[in-house]
Each structure stands twice: as structure tokens, then as C-alpha cells.
1. Points 7 angstrom from Cα along the Cβ direction at residue 102 and residue 45: gap in nanometres?
2. Considering amide H positions built from the backbone, and no H for Pro or chain starts, which residues 5 or more places from residue 108, or on another chain, come under 5 Å of its amide H?
3. Got a sec? Charge dipole of segment 33-97, +1 on Cβ for Lys and Arg, -1 for Asp and Glu; which of 45, 70, 60 is way out at the positive end?
4. Quick one: putting +1 on the C-beta of Lys and Arg, -1 on the C-beta of Asp and Glu, what dipole do you get for segment 1-108 around its Cα centre, in Debye to the nearest 20?
5. Which of 119, 4, 96 sits farthest toward the positive end of the charge dipole of the chain, with +1 on the Cβ of Lys and Arg and -1 on the Cβ of Asp and Glu?
6. Express in nm, to one decimal, how much length is gained between residue 124 and residue 34 on full extension, taking 0.36 nm for each residue of separation and deducting their alpha carbon distance.
Amino acid sequence: MRVIIREILNVGGFFAGETVTLAAQLWPDGGPEQIITIDDAALVNVTARHLLTPGMVLDLTLAGDRVERALLLGAPDHASLRAAWRQPSLELLSAPRVLSFRCPACRVWAVAVGDPPVCAVCGQPGPQLDQSSSRQLTEAQA
Ligand SMILES: [Zn+2]
């Protein structure tokens with residue numbers, strides 16, 4: 001299920017366990033807030049659990065009541081996404097690639113997935129890099 005974080009209730013430390021507890025609503029439907037506790041080990045692409053903030057969109061895989069897998073998809077702004085998101089390691093690329101962008105459709109700063117890139121939150125196409133300008137640059141250098 002997809003949720004949007006409304007409030008961070010507790011970030012567990014040494015004694016409380018390696019968890020983060022948050023209030024969240026289903027995304028994009030809203031509805032009642034749910035209290036969700038996520039184990040640190042379930043955070044797939046998050047650099048540190050204390051960097052999660054309200055407004056972030058997570059994709060959760062549940063096993064019963066437990067969150068088995070939590071994937072960060074988007075954030076309210078670029079800075080918080082950059083801080084909390086562990087980017088996939090990139091192989092050498094032949095062209096520049098969009099990693100994240102502000103999605104006009106769902107109005108979050110979204111992780112870009114796929115090629116051509118789409119918004120990880122809502123699936124809208126991401127910005128297209130201008131291939132012709134990089135080609136011109138290459139030709140100019142040749
Ligand atoms: Zn979107």
C-alpha cells in the first residue's frame with residue numbers, strides 16, 4: 001500500500017528498538033490516519049530513519065501487521081528527498097539521466113523510475129532531457 005507520512009511519532013533508539021513510528025494516510029485517497037511502525041531493516045532505500053519527514057510518500061509491503069518492506073517514493077521538497085533517499089548505484093551511462101524531479105501531477109518531489117523516467121509516486125512521465133543539446137555539444141567537441 002502507498003501512504004503519505006503525516007507525522008513522525010517516534011524514532012526508536014538503542015532501547016526502544018531500531019524502528020520509526022509514524023502517523024500516515026493512504027495515498028492518494030486519504031482517510032483515517034494509521035499508526036505504522038517500521039523496522040529499520042525494512043527501509044529499503046532510506047539512508048537513515050530519522051530523516052523521514054511528514055509529506056513523504058512510502059510504498060509499504062505488509063506481512064500481516066508487520067511492514068516487511070518500505071520504499072521511499074517521494075518527498076515534499078528536493079532537500080528532504082536528497083537527505084533521506086539512498087540512490088541506486090549507477091553504472092556508467094552514455095547519457096545524463098533524471099534521478100528525481102518535482103512531479104506536477106502529484107506535487108511531490110518524486111524518485112524517477114524507468115527509462116524514459118516516470119514519477120515513482122503516480123506514474124506520470126518525468127522531464128525529458130534535451131538529447132539534441134548534448135549531441136550538439138559532442139559535435140562541437142569533435
Ligand atoms: Zn507524480
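Taken together, the values in this text are just the output of simple stated rules run on the coordinates, not laboratory data. Since the structure is predicted, the reported quantities are computational estimates derived from the model, not experimental observations. Here Cβ is always computed from backbone atoms with ideal geometry, including for glycine, and neighbour counts include all displayed protein chains.
1. Those two pseudo-labels are separated by 2.1 nm.
2. Amide H to amide H, under 5 Å and 5 or more residues apart or across chains, residue 108 pairs with 103.
3. The listed residue farthest towards the positive side: 45.
4. Numbers: 10 positive and 11 negative charges, 81 e Å.
For this selection, approximately 380 debye.
5. Farthest along the dipole direction, towards plus: 96.
6. On the way: separation 90, 0.36 × 90 = 32.40 nm, distance 2.69 nm.
So the extension gain works out to 29.7 nm.
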